[in-house]
2 protein chains.
Amino acid sequence: MKLATLKDGSRDGQLAVVARDLRSAHMADAIAPTLQAALDDWAFIAPQLEQLYGQLNAGQARRAFDFDPTHCMAPLPRACAMATGAAWPHHLALAARANGVELPAALIEEPLMAAGGGELLGPCDDIVLPFEEWGIDFGAGIAAILGDVPIGATPDLAHDRIRLLMLANIVSLRALMPDELAKGGGPLQSTPATGFSPVAVTPDELGDAWRGGKVHLRLRSTWNGNLVGQPDAGVDMAFNFPQLVAHLCKTRGVGAGSIVGAGPVSNKERSKRGAVAPGYGCIAQQRSSETIADGTASTPFMRFGDAIRIEMLDEKGKSLFGAIEQKLSKA
Amino acid sequence: MKLATLKDGSRDGQLAVVARDLRSAHMADAIAPTLQAALDDWAFIAPQLEQLYGQLNAGQARRAFDFDPTHCMAPLPRACAMATGAAWPHHLALAARANGVELPAALIEEPLMAAGGGELLGPCDDIVLPFEEWGIDFGAGIAAILGDVPIGATPDLAHDRIRLLMLANIVSLRALMPDELAKGGGPLQSTPATGFSPVAVTPDELGDAWRGGKVHLRLRSTWNGNLVGQPDAGVDMAFNFPQLVAHLCKTRGVGAGSIVGAGPVSNKERSKRGAVAPGYGCIAQQRSSETIADGTASTPFMRFGDAIRIEMLDEKGKSLFGAIEQKLSKA
């Protein structure tokens, strides 16, 4: 099923079930007021939401209305924990090469993951930042919303606790990052608010495209109207979602409603004739490629007024999660 | 006023007002069901809680009951964001010296801060971890619960948004930390669940001890019955709470119910005759001191069955926040 959280002036919004074709929706307030409430009691609540979803898809829901992504908050506007892993190390390898260094082996053996959180933005909320000079970069990624995961969970157990998947725009401030990472505390100021797709979907919605703990579909990034990336999220993902969750939970449990993000999606260029060029899921990757090829990066970071659209289509070309469509504006 | 969250089987617990002397309490459910609900609408809710607090202290609350810290969850069991700063750099300086390196200047100019979160433990909840070999260390700290703080908030604005203060046991896994920090993502696995004091208090409860954005009182750590630390949290704090909050919010806003922790508290040894020896607020600091003095660390990290008590007394010797009393047990 597909779920969204609609803006109603409250901090947690109102839970709605969204039709598979993203055209209509139905309030779920008779079942659970918020997505967090649904996650808190998932085994009991999810079947009721599924039933409403079936009625909505069959055109039998009584109070369906047109679904408008601009009315969406993040599917889970307040998460009790969030961590993001660099699960596609190709872009890290490119960055290392552009800097003339080797990628540390530790980043290939285990995911590079950092805690985050704070403001979680809706799909059409502006990215509001004060300075272009911070090197504002989008980051096309995928995030999982979890049920309760105990400390020491295996990847198999973690796999069972992945409740929902959604798209994420993991924004980075590339100019702040080197100094911040050098301090040792990981990215904090250099990772501002993350944006999310209009809907979160249960993994079964992806059919065969959800296998091995990965999403085997292309993630499309369109920057100011130009398609700049369409890497396959099922390719070159060194750590799948269950592994990322198990990494987070090695030394702690996390509660229902925690989010594990992964991104940016990044594929190695393929030389096969006729292959689709993957492009890039973050500007930093393109700048690394340019630096390696030309000695200098020519693609600038985002400018105020820029628009970024991140979307994933299924095999039939239908949007699975709806599109993240964020504009960068000046604080 | 003093607030606690009592265990009731739910994930967010039930909000209670606790008497100044920590002897009695009163459910606040007629005012707000949870601390998060109170924080979401603080300007409206806080005066009502204050009124109940006044009645309770005057012995006029109608359904007061004995306050039992063992029934407490963390004051805010699910925070929408959490970050912890190393605000007393003395222990970092000692660690650097023990390793024969200089403390990077960046750690003195700006706080070393990392996002965290996940499980937040009540004052008497066990610290449950699988391996002593992870180098399990307590960390005596202080944490602030915030109201809404916008992106780019000044320290002055941040100061106004500090709603509550509480004690924190910022547990670290010292054996996992070096490799994890070397990866660049900051501490994640090496910072497991944090424990909190029975009550969170509004800053005015501290009277003159809350000034300049710091808590000018000693934070006492008692490890297996031995008082090992009593550093003054108002001394050697290089970044006060408003500065820590402003640091977090340089590139993002945070919502009501976010937590900013600071710790471990650490004082430079004073040679003044008659001065109270500050001792240590985390074992790593003591081990650094031993390494500097003797070439080797002799104090071991925590063992299963160990007990750690963290408490702060006011000028009259009364416990302000109640005591964190956690036992380390094997997962």
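For the stretch A:158-184, enumerate the residues that are at the interface with chain B (Cβ under 10 Å from one of its Cβ atoms), under 25 Å from A:P231 (Cα atoms) and outside any strand (DSSP E or B).
A:V171, A:M177
What's the total number of residues in the stretch B:320-330 that are small (G, A, S) and either buried (at least 19 other Cβ atoms within 10 Å of the Cβ) or in contact with a Leu (Cβ under 6 Å, 6 or more places away or on another chain) (or both)?
Number satisfying all stated conditions: 2.
Taking the stretch A:85-140 on its own, how many of its residues are over 23 Å from A:Q189 (Cβ atoms), at pLDDT 95 or above and surrounded by fewer than 21 Cβ atoms within 10 Å (Cβ to Cβ)?
Count: 1.
Mind checking which residues of the stretch B:185-212 are within 10 Å of another protein chain (Cβ to nearest Cβ), crowded, with 21+ Cβ neighbours inside 10 Å and either assigned to a loop (DSSP other than H, G, I, E, B) or in contact with a His (Cβ under 8 Å, 6 or more places away or on another chain) (or both)?
Those that are within 10 Å of another protein chain (Cβ to nearest Cβ), crowded, with 21+ Cβ neighbours inside 10 Å and either assigned to a loop (DSSP other than H, G, I, E, B) or in contact with a His (Cβ under 8 Å, 6 or more places away or on another chain) (or both): B:G185, B:G186, B:P187, B:L188, B:S190, B:T191, B:P192, B:A193.
Specify which of the listed residues (A:P104, A:P89) is in the same structural domain as A:L164 (by TED's automatic domain parsing) and without any contact (Cβ under 8 Å) to a residue 24 or more places away in the chain.
Unique residue meeting the criteria: A:P104.
In the stretch A:25-44, how many are buried (at least 18 other Cβ atoms within 10 Å of the Cβ) and not hydrophobic (A, V, I, L, M, F, W, C)?
4
Condition first: in contact (Cβ under 8 Å) with a residue 12 or more places away in the chain and surrounded by fewer than 18 Cβ atoms within 10 Å (Cβ to Cβ). Now tell me which residues in the stretch A:301-318 satisfy that.
Scanning the stretch A:301-318 gives A:R303, A:F304, A:G305, A:A307, A:L313, A:D314, A:E315, A:K318.
Test A:L248 against the stated conditions and say whether it is under 20 Å from A:N169 (Cα atoms) and aliphatic (A, V, I, L, M).
no
Of everything in the stretch B:302-331, what is within 20 Å of the chain's Cα centre (by Cα), outside any strand (DSSP E or B) and closer than 21 Å to B:D125 by Cα? Give them in sequence order.
B:M302, B:D306, B:L320, B:F321, B:G322, B:A323 - these are the residues of the stretch B:302-331 that are within 20 Å of the chain's Cα centre (by Cα), outside any strand (DSSP E or B) and closer than 21 Å to B:D125 by Cα.
Here is a check on your reading of the model: is B:G135 on the phi > 0 side of the Ramachandran plot and in contact (Cβ under 8 Å) with a residue 60 or more places away in the chain?
So B:G135 fits the description; yes.
Kindly provide the set of residues from the stretch B:213-265 that are assigned to a strand (DSSP E or B) and farther than 23 Å from B:D160 by Cβ, ordered by number.
Listed by number, the residues that qualify are B:R218, B:L219, B:R220, B:S221, B:T222, B:W223, B:N226, B:L227, B:V228, B:G229, B:D232.
Step by step: first the residues of the stretch B:5-29, then only those that are among the β-branched types (V, I, T) and under 19 Å from the mean Cα position of the chain (by Cα), then the one that is nearest to B:Y53 (Cα to Cα). Which residue is that?
Here the residue is B:V18.
For residues that are more than 14 Å from chain A (Cβ to nearest Cβ) and within 30 Å of B:G117 (Cα to Cα), tally how many sit in the stretch B:46-90.
15
Is it true that some residue in the stretch A:229-239 is touching a residue at least 60 places away in the same chain (Cβ under 8 Å), within 30 Å of A:V276 (Cα to Cα), out of contact with any helix residue (DSSP H, G or I) (no Cβ under 6 Å at 6 or more places or on another chain) and surrounded by fewer than 19 Cβ atoms within 10 Å (Cβ to Cβ)?
For the stretch A:229-239, residues touching a residue at least 60 places away in the same chain (Cβ under 8 Å), within 30 Å of A:V276 (Cα to Cα), out of contact with any helix residue (DSSP H, G or I) (no Cβ under 6 Å at 6 or more places or on another chain) and surrounded by fewer than 19 Cβ atoms within 10 Å (Cβ to Cβ): present.
Residue check: is B:T291 at pLDDT 95 or above, away from every other protein chain (no Cβ under 14 Å), in a loop (DSSP other than H, G, I, E, B) and surrounded by fewer than 22 Cβ atoms within 10 Å (Cβ to Cβ)?
no
Pick from the stretch A:29-44 the residues that are outside any helix (DSSP H, G or I) and in contact with a helix residue (DSSP H, G or I) (Cβ under 6 Å, 6 or more places away or on another chain): which of them is nearest to A:P123 (Cα to Cα)?
A:A32
So, in the stretch B:231-255, exactly how many residues are among the acidic types (D, E) and in contact with an Asp or Glu (Cβ under 9 Å, 6 or more places away or on another chain)?
Residues meeting the conditions: 0.
Run down A:V228, A:V254 and say which single residue is in contact with a Gly (Cβ under 7 Å, 6 or more places away or on another chain) and within 14 Å of chain B (Cβ to nearest Cβ).
One residue alone meets the criteria, A:V254.
Return yes when A:P47 is surrounded by fewer than 24 Cβ atoms within 10 Å (Cβ to Cβ) and assigned to a helix (DSSP H, G or I) and no when it is not.
yes
Condition first: part of a loop (DSSP other than H, G, I, E, B) and of a type in the set (V, I, T). Can you find one or more residues in the stretch B:140-157 that meet it?
Yes: one or more hits.
The values are calculated or read from the model by the stated rules, or taken from the named source; none is laboratory data. None of the values given here were measured: they were computed from a predicted structure. Virtual Cβ from ideal backbone geometry, glycine too; neighbours counted across all protein chains shown.
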